[in-house]
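K.L.:
Can you read through this structure? Questions will come right after.
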Amino acid sequence: MIGNRITHRTADGVRIPGTWRHAFICNGGTYFLTDLFIYADGLVDCWELVTLDEFEKKLRSGWVATSLPDGGSASAHHLGWWTFREPGTWLTPELLLAEVRDTIDELNGRPDSTGRCLAAVDVFLAERTEENRSAARAAYLAIPETVRHYALGDMDRKDYPLRVLVAGPGGRLPGMPDEEVSQEEYDEAVAYFEERARWRAEAPSRVPANGAVESFAPAVKLYHSYPQRALEHPDKRALRNDYPAAITLDGATYPSVAHAYWALSVADPESRASVVAAESGAKARTLAAKAPRREGWDRTRTAVMARLLRAKYEQHPDLAEVLLATGDATVLYDDADSGFWGDNGGRGRNWTGRLLELVRSELLAAQAGMA
């Protein structure tokens, strides 16, 4: 169960969603309390990125620890350390691996072991053969034991009706071999599931108002570059702010978005003129950095950049086509000089990329006559 523990990593320009959970890693005889990061593409970070097969080997070897020895040394890195005394744990390598597999299914929007079990139960209820019951029981047993009691989302009865149903009258409850299911208990379980199916069917359907949500979308990465001249056939490099594509704004013409941005950032008109005349966007930045900044620039710069990007793609239809060709991809913009404007390997705020996505949406709306 992921809850609100959402993170991501960036790989080849694609943002891959993930989550994390606590775990112990045994390194050099010391048990370190740390986090496992689990990603939608099936990689797990346990102090290094590994595949599921490699992760299983680390579980079996004890590197990712599921048993804790009495008297063992433990550390929470720089927070503190302690010694285990009569430690207890309910995890095994098999259970933790099963929970991680479920998490990867959940991150990808696929049915996890609980979802597969409930689907098997539906098949059994539709056609109550022993073969279908056996399949439902196997699916129930495939749910990690640590999460079975959450399967029905019923915090009062837990998974008891499910265990009774898959056991059948005269059968033994999973996990309780001495408990035999009576006919009365079985009938109550069947009634429970029939009522559950009824209220689920009567519940209003929830159709996403804003369209489908993908687990993660292909991304376009605009690597840091220093374009010196316009390209005969523009490609994604033309989406860089320092790409030489002149824009006119309020009667003034600037060689590029970068020139305009840095010129508008300075307070002194003479300095502004020097910035506009700079040989490149990079040199425009260098000159602007030496001049006094406009008052309140840090609070208005995002709106200014949005206006400049709109001007660029409205005044250069060929470059607008390059932007539109990115489809609905996430745009990751590298900026070696700014973690505000650049994504920078997931460490920046990526405001340029976000504004490019906004302008792209506005261009599409204009094409469709909605703007």
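K.L.:
Taking Rh as the Kirkwood radius computed over C-alpha pairs, what is the Stokes-Einstein D of the range 55-103 at 25 °C in a medium of viscosity 0.890 mPa s, expressed in µm² per second? Please list the in-between numbers first.
P.N.:
Working: Rh = 12.1 Å.
The diffusion coefficient I find is 203 µm²/s.
K.L.:
Regarding the range 283-369, what is the average projected area of its C-alpha convex hull, in nm²?
P.N.:
Directional mean of the projected Cα hull area for the range 283-369 stands at 6.8 nm².
K.L.:
Quick check for me: using +1 on Lys/Arg Cβ and -1 on Asp/Glu Cβ, what's the dipole size of the range 33-94 about its Cα centre, in debye to the nearest 20?
P.N.:
Once rounded to the nearest 20, the dipole reads 240 debye.
K.L.:
Let me ask something else. Could you tell me whether the range 113-202 comes out rounded, prolate or oblate from its Cα gyration tensor? Rule is a ≥ b ≥ c as square roots of the eigenvalues, rounded for a/c under 1.5, then prolate if a/b exceeds b/c, otherwise oblate.
P.N.:
Note, shape of the range 113-202 comes out rounded.
K.L.:
For the range 261-333, which GluC sites (Glu not before Pro) are in a loop by DSSP, counting at most 11 other Cβ atoms within 10 Å?
P.N.:
Passing sites in the range 261-333 are Glu279, Glu295.
K.L.:
Residue farthest toward the positive end of the dipole of the range 220-367, with Cβ of Lys/Arg at +1 and Asp/Glu at -1: which of Leu239, Leu364, Ala258?
P.N.:
Result: Ala258.
K.L.:
Amide H neighbours of Ala65 under 5 Å, counting only residues 5+ apart in sequence or on other chains, H built in-plane at 1.01 Å?
P.N.:
Phe24, Ile25, Cys26
K.L.:
If you don't mind, another one. By counting other Cβ atoms within 10 Å of each Cβ, how are Cys117, Cys26 ranked from fewest to most? Walk me through the numbers on the way to the answer.
P.N.:
Values: Cys117 25, Cys26 20.
Listing Cys117, Cys26 from fewest to most nearby Cβ atoms yields Cys26, Cys117.
K.L.:
What's the Cα-based Rg to Rh of the range 220-367, Rh via Kirkwood? Mind dumping the intermediate values first?
P.N.:
On the way: Rg = 14.5 Å, Rh = 15.4 Å.
Here the Rg-to-Rh quotient is 0.94.
K.L.:
How much mean residue ellipticity at 222 nm does the chain get from its helices, if each DSSP H run of length 4 or more adds -39500 (n - 2.57) and you divide by all residues, to the nearest 500 deg cm²/dmol?
P.N.:
Dividing the helical sum by the residues of the chain leaves -12500 deg cm²/dmol.
K.L.:
Would you mind giving the average projected area, over all directions, of the Cα convex hull of the range 215-262 in nm² with one decimal?
P.N.:
So the Cα hull casts an average projection of 4.9 nm².
K.L.:
Simple spin-label model, 7 Å along Cα-to-Cβ: Asp53 to Asp12 in nm?
P.N.:
1.9
K.L.:
As an exercise, identify the GluC sites (Glu not before Pro) in the range 1-56 lying in DSSP coil whose Cβ has no more than 11 other Cβ atoms within 10 Å.
P.N.:
On the way: sites: Glu48, Glu54, Glu56; in loops: Glu48.
Loop-located and lightly packed - Glu48.
K.L.:
Relative to the compact globular guide of 2.2 N^0.38 Å, what is the alpha carbon radius of gyration of the chain, as a ratio?
P.N.:
Its radius of gyration relative to the 2.2 N^0.38 Å reference: 1.40.
K.L.:
What is the fewest-to-most order of His149, His259, His78 by other Cβ atoms lying within 10 Å of their Cβ?
P.N.:
Ordered from fewest to most neighbouring Cβ atoms within 10 Å, His149, His259, His78 come out as His78, His149, His259.
K.L.:
Now, a different point. State which helices in the chain qualify, where a helix is a whole DSSP H run, it must extend 18 Å or more along its own axis by its Cα atoms, and its mean Kyte-Doolittle hydropathy must be at least -0.5.
P.N.:
93-107, 113-126, 351-367
K.L.:
In the range 204-338, what percentage of the DSSP-assigned beta bridges are antiparallel, given to the nearest 5? Let's see the in-between values first.
P.N.:
Numbers: 4 of 8 bridges.
If I count the DSSP bridges inside the range 204-338, around 50 percent turn out antiparallel.
K.L.:
Something else about it: Magnitude of the Cβ-charge dipole of the chain, K/R +1 and D/E -1, about the Cα centre, nearest 20 debye?
P.N.:
Details: 43 positive and 54 negative charges, 364 e Å.
Computed about the Cα centre, the dipole is about 1740 debye.
K.L.:
Charges only on Cβ, +1 for Lys and Arg, -1 for Asp and Glu: so what's the dipole of the range 220-367 about the Cα centre, in debye to the nearest 20? If you can, show how the numbers build up before the last one.
P.N.:
Numbers: 20 positive and 19 negative charges, 77 e Å.
About 380 debye.
K.L.:
In whole Å, how far is the Cα centre of the range 126-205 from that of the range 1-50?
P.N.:
Their Cα centres are 33 Å away from one another.
Here, each number is a calculation from the coordinates, and none is a lab measurement. Being a predicted model, the structure only gives us computed values, none of them experimental. Positions of Cβ are generated from backbone atoms using ideal geometry, with glycine treated the same way; all protein chains shown enter the neighbour counts.
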